[in-house]
Amino acid sequence: MGSKATLRSMSDPVIRRPLRCVQCGYDLEGLSARSACPECGREIVASLASSLDLTTAERETTPDARRVAWALFLATAGSLAASARLPEFAARAAARELSKSEAESIPALLLKLASGLHFTAILGAALGLFSLALVLPRRNERRVMRIRVLGCVGFALWLALSVGPPNPFGLTATALPAGMALLALSPLLRELGPRSRVYRDRESAKQRIDELLLALGIAGIASGCAEFAAQDSTNESVVAVLRLVAIACGGLLIVGLGYLAMNAYWILRSVLRPEPTLSEVFGSDGPGRPPSA
């Protein structure tokens, strides 16, 4: 609403660069900002409000910022892929149970799925390690050095735990390196998040790191307690509840990592293709002023 009010308060500027209508995609270049799209009748001010970010100061897009955005996106995508260990464990467990009563085709299909998830988890942890070790710019700042060391150690341990077949102990131990990797990504989100209007405005889709860490911690603790309690056969009900809590939190963690990767994509897109400024849309003379002769 603020963007539209600002644009309506201007005099009668003319669009002086290609600008697509937000409704039909018609090129609005050469038309008055106070008129309507000749194709669909939608107010041009609505297209301007959709294309311009008037609430954030202009930020210079440098190669350094692009590398940070790529590192953030690749690391979040790697974290999401590395979390495939959870459904892999579930697929292998289901295959073992079904092999007792079902035909061989269903357990064999589940094992193939588990093998694919296993490869995905290894690839994801390796991608996260690559992004923070080589893609993240080398700055002489303590903050960047902490991000690199913490993230690389976390993803390296995550990769090591992803190589072998999944087991409850390995999944519980993965909570520590996964938490280290997420902590390393938090400063990068704070640094680049304000560049993306989508990241700022879509609160329903935004996933905070501390919420992911909470889900990760609960899943790891519940899984560890379940394995400890399983040593006593009289604790079957307690073990079942703890494993259910661990599975639920693990599922929420995967969903949250999906939202995190999506937001990292929007941040990367805003850095690679920043929204046009008012001077770019209305010409070098600015809105409301006639162009120079």
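The values are calculated or read from the model by the stated rules, or taken from the named source; none is laboratory data. Because the structure is a prediction, the values reported are computed rather than measured. Because the Cβ atoms are built from the backbone with ideal geometry, glycine has one as well, and the counts that use them run over all protein chains shown.
Name the helices (runs of 4 or more DSSP H) wholly within the range 118-223 that hold at least 3 residues that are over 22 Å from Ala65 (Cβ atoms) and either among the charged types (D, E, K, R) or at pLDDT below 90 (or both)? Full working, then the answer.
Working: elements: 142-163, 168-173, 175-192, 197-201.
So the answer is 168-173.
Conditions (1) touching a Lys or Arg at 6+ places or on another chain (Cβ under 9 Å); (2) among the small types (Gly, Ala, Ser); (3) surrounded by fewer than 18 Cβ atoms within 10 Å (Cβ to Cβ); (4) without any contact (Cβ under 8 Å) to a residue 12 or more places away in the chain, marked per residue:
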| position | (1), (2), (3), (4) |
| --- | --- |
| Phe169 | no, no, yes, no |
| Pro177 | no, no, no, no |
| Leu185 | no, no, no, no |
| Arg195 | yes, no, no, no |
| Gly217 | no, yes, yes, no |
| Thr234 | no, no, yes, yes |
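Can you name the condition, by its number, that Ala93 falls short on among (1) modelled with pLDDT of 85 or more; (2) in the same structural domain as Ile147 (by TED's automatic domain parsing); (3) more than 25 Å from the chain's Cα centre (by Cα)?
Tallying (1) modelled with pLDDT of 85 or more; (2) in the same structural domain as Ile147 (by TED's automatic domain parsing); (3) more than 25 Å from the chain's Cα centre (by Cα), Ala93 fails exactly one: (1).
Scan the range 104-144 residue by residue and report those that are touching a Phe, Trp or Tyr at 6+ places or on another chain (Cβ under 9 Å) and of a type in the set (Phe, Trp, Tyr).
Phe130
Just give me the residues in the range 106-159 being basic (Lys, Arg) and surrounded by 13 or more Cβ atoms within 10 Å (Cβ to Cβ), in sequence order. Give the derivation first.
Here is the first cut: in the range 106-159, the ones basic (Lys, Arg) are 112, 138-139, 142-143, 146, 148.
Matches in the range 106-159: Arg139, Arg146, Arg148.
All but one of (1) surrounded by 16 or more Cβ atoms within 10 Å (Cβ to Cβ); (2) at pLDDT below 85; (3) of a type in the set (Lys, Arg) hold for Arg34; which doesn't?
(1)
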